[in-house]
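Read the figures in this text as sums done on the coordinates, not as results from a lab. Just so we're clear, the structure is a prediction, and the values are computed from it rather than from any experiment. So basically every Cβ, Gly included, is an ideal-geometry build from the backbone, and we count neighbours across all protein chains shown.
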There are 2 protein chains.
Amino acid sequence: MNDRLLRACRRQPVDATPVWFMRQAGRSLPEYRAIRERATLADIVRDAALCAEVTSQPVRRLGVDAAILFADITTPLPGIGVDVEIVDGTGPVIARPVRTAADVAALRGFDPEASAAGLLEAVRLLRRELDVPLIGFAGAPFTLASYLVEGRGSRDAGALKRLLHAEPEVAGSLLDALVDMSVSYLRAQVQAGVQVVQLFDSWIGVLGPFDYARHVAPRMRRLFEALAPLGVPTVHFGTGGAGLLPLITDAGGDVIGLDWRVDLRDAWQVVGDRAVQGNLDPSVLLGGWAEIEAQARWVLERAGGRPGHVFNLGHGVLPATDPDRLRRLVDLVHEHAAVEARA
Amino acid sequence: MNDRLLRACRRQPVDATPVWFMRQAGRSLPEYRAIRERATLADIVRDAALCAEVTSQPVRRLGVDAAILFADITTPLPGIGVDVEIVDGTGPVIARPVRTAADVAALRGFDPEASAAGLLEAVRLLRRELDVPLIGFAGAPFTLASYLVEGRGSRDAGALKRLLHAEPEVAGSLLDALVDMSVSYLRAQVQAGVQVVQLFDSWIGVLGPFDYARHVAPRMRRLFEALAPLGVPTVHFGTGGAGLLPLITDAGGDVIGLDWRVDLRDAWQVVGDRAVQGNLDPSVLLGGWAEIEAQARWVLERAGGRPGHVFNLGHGVLPATDPDRLRRLVDLVHEHAAVEARA
């Protein structure tokens, strides 16, 4: 069993820096695209064997140190009564957005075995097959609320921000409902076998620190406190959150995810005594190898070989990425760290 | 003559914190919308009297401490041979993007008197009329290059980043040409009478520190060095640049603009011995007055009454903003600072 990821999450020494990639399973892999010719994303998530297969593909092809359960952050939403359609080129679309106190009150409690049976069965299958740790995940409440209120991905989350400012109790009860859902969903994932959980706050970069501190931080703190008894490391990743980093760190997470728009060393100083994950710009993978190598080595140098670095991209793998480049990057990370360990 | 802005840019004491708003002239004002019923943005920029009128409107209505010359960041581009159309709802669109060494070589040198005659005449008119300082501006080279390479505003500037990584000499010569254009354009604005110049790096938030340090910082440094002999304060504003703040500051500017996604006090510590401008979230202006007041006072408290704070939004005024709210916010800023001065 390769336990580099688990050791790094706990800031223990490792023989090589663990590396995995957000969206490592997905459109960059030809074997995934072949499956998508006959199955939608929703089909894959419902079918345990198919979901386990897609989750395993990047482990086999790329040699990464972790698998991440294949699903979308909106996958659990039908379980609270919100229908979601994943539209190619647009992403998740919610036909009936959640915007009023009545809409929030109409949300159901989340029952993982009823609403995520295929996914949880996939976790059990994967734990028998994998020789690397399996990461479970959920969207963070603010990011999920942004889909629910806007009806789809939104560059500025304007409707959710108006709700936060004009009707903070409605927005707050929506965020609270999403904390409850995420705790239930992640607890079920851990009970089924995932060994790390990551919260993706993909849209948090639209908020300033005043709003984050008031509306989001208390909810994230409650979420991480509810996850603590599960005994697995937690990763807290907020995209575009450079200016929020002190607040994000304070809200919780054993590992703080960094996107590509921060200097890893400077950011780690803000984060303090936690592990960090990141932070290569995924767009670099579209260029030549010399550029990839230079930027990957810079990330590793900024981490300085200190225990507690999980190498990753600063955002998801872009669909046009050549998987051979990813494979070579995995080797580079492993070898670089080994050289440092001997030095 | 109200010189609060000029004093704050130089970190001298002021009787009240100066305040102006990015995009204070524009669609939030009914008197602007009335003009737009009979004139396009390009018409306004060509017609000195109309441009001066639009520039003055927010000074009269809102009582702000500065005017900013009304134009678009793409306004000078036809002067180097690039045709731009401003499309309602999309923004600037460039029919023939600049993507190859030949495209860059075909760019012309910028002749301000030939290409910006109306705008420069508007500056002269405004200096006779205004009793507040007049700010000139230009788009920063990376942001302009993103329009030129992408053909329009792009969330991730993917094509420009690919050019930076794959053909750095082509990207570099484009950035250099845009530095030359901006120096010529801003020098002409200062010679015509603007008293402060601001560089808008609106798309810089897509870059990480590795790319910024290598491709952008040397060009911004050259730009600010070329502006220094003009003797007017310079403002350097990069949207989404929280993680780049040390590099942005190092590249130049007497005043560092802060968007709304950073804590002003933390950011000012990074900026050090320069003035700062910002940083209220513009979306707050769409809510009730209690919310506006709470967040505006928080910004002022984070500035702590130290000399060198120019109050502003963290981004442009949203078109749906009620100008009465902006007027009331100006009064709040002036009164808050006066209270602090007496304390």
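So the values come out like this:
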read-out	value
From the options B:Thr239, B:Thr234, residue that is among the hydroxyl-bearing types (Ser, Thr, Tyr) and within 14 Å of another protein chain (Cβ to nearest Cβ)	B:Thr239
So B:Thr55, is it among the hydroxyl-bearing types (Ser, Thr, Tyr) and more than 30 Å from B:Arg274 (Cβ to Cβ)	no
Whichever residue in segment A:268-300 is among the acidic types (Asp, Glu) and more than 11 Å from chain B (Cβ to nearest Cβ) and, among such residues, is surrounded by the fewest Cβ atoms within 10 Å (Cβ to Cβ)	A:Asp273
Residue in segment B:211-223 that is farthest from the other protein chains (Cβ to nearest Cβ), counting only those that are surrounded by fewer than 19 Cβ atoms within 10 Å (Cβ to Cβ) and either in contact with a His (Cβ under 9 Å, 6 or more places away or on another chain) or not charged (D, E, K, R) (or both)	B:Pro218
Qualifying positions in segment B:48-57 - in contact (Cβ under 8 Å) with a residue 60 or more places away in the chain, out of contact with any helix residue (DSSP H, G or I) (no Cβ under 6 Å at 6 or more places or on another chain) and not polar (S, T, N, Q)	B:Ala49
Among residues of segment B:17-31, those that are surrounded by fewer than 21 Cβ atoms within 10 Å (Cβ to Cβ) and over 17 Å from the mean Cα position of the chain (by Cα), counted	2
Subset of segment A:8-47 (residues that are free of Cβ contacts under 8 Å to residues at least 40 places away in the same chain and either part of a loop (DSSP other than H, G, I, E, B) or not acidic (Asp, Glu) (or both))	A:Tyr32, A:Arg33, A:Ala34, A:Ile35, A:Arg36, A:Glu37, A:Arg38, A:Ala39, A:Ile44
Selected residue [free of Cβ contacts under 8 Å to residues at least 40 places away in the same chain and under 30 Å from A:Glu31 (Cβ atoms)] from A:Gln295, A:Gln277	A:Gln295
Residue under evaluation A:Asp131, criteria (1) away from chain B (no Cβ under 14 Å); (2) within 22 Å of the chain's Cα centre (by Cα); (3) buried (at least 23 other Cβ atoms within 10 Å of the Cβ), criterion not met	(3)
Search result, residues across segment B:5-16 that are buried (at least 20 other Cβ atoms within 10 Å of the Cβ) and either on the phi > 0 side of the Ramachandran plot or β-branched (Val, Ile, Thr) (or both)	B:Val14
Any hit, segment B:180-190, residues being buried (at least 22 other Cβ atoms within 10 Å of the Cβ) and within 14 Å of chain A (Cβ to nearest Cβ)	no
Whichever residue in segment B:138-173 is crowded, with 24+ Cβ neighbours inside 10 Å and not in a helix (DSSP H, G or I) and, among such residues, is nearest to the other protein chains (Cβ to nearest Cβ)	B:Ala157
Residues satisfying the stated conditions in segment A:119-137, i.e. among the aliphatic types (A, V, I, L, M) and not in a helix (DSSP H, G or I)	A:Leu130, A:Val132, A:Leu134, A:Ile135
Any pair with Cβ under 8 angstrom, 6 or more apart, that starts in segment A:90-113 at a residue that is closer than 15 Å to A:Gly151 by Cα and ends at one that is surrounded by 12 or more Cβ atoms within 10 Å (Cβ to Cβ) and aromatic (Phe, Trp, Tyr)	A:Pro92/A:Tyr147; A:Ile94/A:Tyr147
Matching residues, segment B:195-220, being within 10 Å of B:Ala251 (Cβ to Cβ) and under 17 Å from the mean Cα position of the chain (by Cα)	B:Leu199, B:Asp201, B:Met220
Every residue from segment A:174-200 that is more than 30 Å from A:Met1 (Cα to Cα) and touching a helix residue (DSSP H, G or I) at 6+ places or on another chain (Cβ under 8 Å)	A:Leu174, A:Leu175, A:Asp176, A:Ala177, A:Leu178, A:Val179, A:Met181
Residue within segment A:305-320 that is within 12 Å of another protein chain (Cβ to nearest Cβ), in contact with a helix residue (DSSP H, G or I) (Cβ under 6 Å, 6 or more places away or on another chain), more than 24 Å from A:Val59 (Cβ to Cβ) and not acidic (Asp, Glu) present	no
Per-region count, segment B:242-264, residues closer than 22 Å to B:Arg4 by Cα, at the interface with chain A (Cβ under 10 Å from one of its Cβ atoms) and of a type in the set (D, E, K, R)	1
Count of residues meeting criterion [under 21 Å from A:Ser283 (Cα atoms) and in a helix (DSSP H, G or I)] in segment B:174-208	5
B:Gly257 within 23 Å of A:Gly205 (Cβ to Cβ) and surrounded by fewer than 24 Cβ atoms within 10 Å (Cβ to Cβ)	no
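Yes/no matrix, rows are residues, columns are (1) among the charged types (D, E, K, R); (2) over 18 Å from A:Gln191 (Cα atoms); (3) surrounded by 15 or more Cβ atoms within 10 Å (Cβ to Cβ):
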residue	(1), (2), (3)
A:Ile35	no, yes, yes
A:Val87	no, yes, no
A:Ala102	no, yes, no
A:Arg108	yes, yes, no
A:Arg124	yes, no, no
